[in-house]
1. Only residues that are over 20 Å from Val148 (Cβ atoms) and free of Cβ contacts under 8 Å to residues at least 24 places away in the same chain: list them for the stretch 68-81, please.
2. Do any residues in the stretch 30-56 that are more than 13 Å from Phe180 (Cα to Cα) and modelled with pLDDT under 95 have Cβ atoms under 8 Å from those of residues that are among the basic types (Lys, Arg) and not in a helix (DSSP H, G or I), where the two are at least six apart or on different chains, and which pairs are they?
3. Being of a type in the set (Phe, Trp, Tyr), surrounded by 14 or more Cβ atoms within 10 Å (Cβ to Cβ) and not in a helix (DSSP H, G or I) is the filter here; which residues of the stretch 81-140 pass it?
4. Would you check which residues across the stretch 205-221 are charged (D, E, K, R) and assigned to a helix (DSSP H, G or I) and list them?
5. Tell me, yes or no, whether the stretch 164-184 has at least one residue that is part of a strand (DSSP E or B), among the basic types (Lys, Arg) and surrounded by fewer than 18 Cβ atoms within 10 Å (Cβ to Cβ).
6. Yes or no: Leu54 under 29 Å from Pro137 (Cα atoms), over 17 Å from the mean Cα position of the chain (by Cα) and not charged (D, E, K, R)?
7. Please specify each residue of the stretch 190-202 satisfying the condition of being surrounded by fewer than 18 Cβ atoms within 10 Å (Cβ to Cβ) and either under 17 Å from Val148 (Cα atoms) or among the small types (Gly, Ala, Ser) (or both).
8. Tell me, please, whether a residue that is over 25 Å from Asn39 (Cβ atoms) and under 15 Å from the mean Cα position of the chain (by Cα) can be found in the stretch 154-176.
Amino acid sequence: MKTYVIGKFTEIELDSWHRKDIFNHFIQVSPSVFSMVVNIDVTKLIDFIKKARLKFNPVMIWLVSKIINQHEEFLYSILPPSQLGLFSIVHPLYTEMGPKTKNIKYLWTEYDPDFKIFYDRCINDKEVNKESENWQPQGKIPLNVFSVSCIPWVSFSSFHLENYEAKHYLTPQVTYGKYFEANGKTYLPMQMQAHHANCDGYHVARFFTELEDLGKTFQGE
C-alpha cells in the first residue's frame, strides 16, 4: 500500500543533533521504550462534557493530540530506509470495535488545532465507518500518525504494549481506561509509551501535567 504524509517531514542531520549520543545508545546499543501510567484529574472536564452534551472520546483524542503536537519530542520518526526526521504535525490513529466480531479496527482523523473542526471530523469518521469490520476501513493511513486508544471497560494501574522488532518506532502511544471516582474527584487512568531515543521521563511527565491542566480549563475551544 502506498504511504504518504499529511504535513511536512524535515530530515535531521544526526551528527549535529543535540540528542545524537542518547539516540545512538537507545537505538543501537540498548533499544529501549518505557511507559508511564498516571491518573489524570478529569473532574471539571467530565462536568463540562456532560453539560455541553459532547462525546468523551473525541474530546479526549483532541486534547491528547493538542499536547502531542506542541512538543517536538513526540514528532520524531524514522522513515525508510533509515532517515531520521521531524514531522510538522501528527494525527491521531485510534481504535474502534467491529459491531459483530468485536475485533478492533483502526481509524484516523486529521488533526486541527480548532476543536470544533476536529470534533466534527472525528464524529463523521466514526459514523461513516461504524458498521465496517475491516481492519483499516479508511484505506491508506498516513505515516505521520500516533496511536491513542481507549479501553473503556476497566481502570488500570499498569499497561505496556510490546512492539517486537519495532525498535525504530519513535512515535508515542497513548492508552486510557475507564474513569473512576475517588475522594470526591474523577480520575482517568492514562498510559504513555515512548521511545527513550527521543523522549525522557521529563517529557512524558510534562505531557501528563499539561494534559491535566488543559482538561481543567477546556471550554470547547
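The values are calculated or read from the model by the stated rules, or taken from the named source; none is laboratory data. None of the values given here were measured: they were computed from a predicted structure. No Cβ is skipped: glycine too gets one built from the backbone with ideal geometry, and neighbour counts run over all protein chains shown.
1. Pro80, Pro81, listed by residue number.
2. From residues that are more than 13 Å from Phe180 (Cα to Cα) and modelled with pLDDT under 95, the pairs are Pro31/Lys167.
3. Answer for the stretch 81-140, where residues must be of a type in the set (Phe, Trp, Tyr), surrounded by 14 or more Cβ atoms within 10 Å (Cβ to Cβ) and not in a helix (DSSP H, G or I): Phe87, Tyr94, Tyr106, Trp108, Tyr111.
4. Arg206, Glu210, Glu212, Asp213, Lys216
5. no
6. Yes, satisfied.
7. Listed by number, the list holds a single entry, Gly201.
8. Looking only at the stretch 154-176, we keep the residues that are over 25 Å from Asn39 (Cβ atoms), and these are 164-170.
So of that shortlist, the ones also under 15 Å from the mean Cα position of the chain (by Cα) come out as 169-170.
Yes: the stretch 154-176 contains one or more residues that are over 25 Å from Asn39 (Cβ atoms) and under 15 Å from the mean Cα position of the chain (by Cα).
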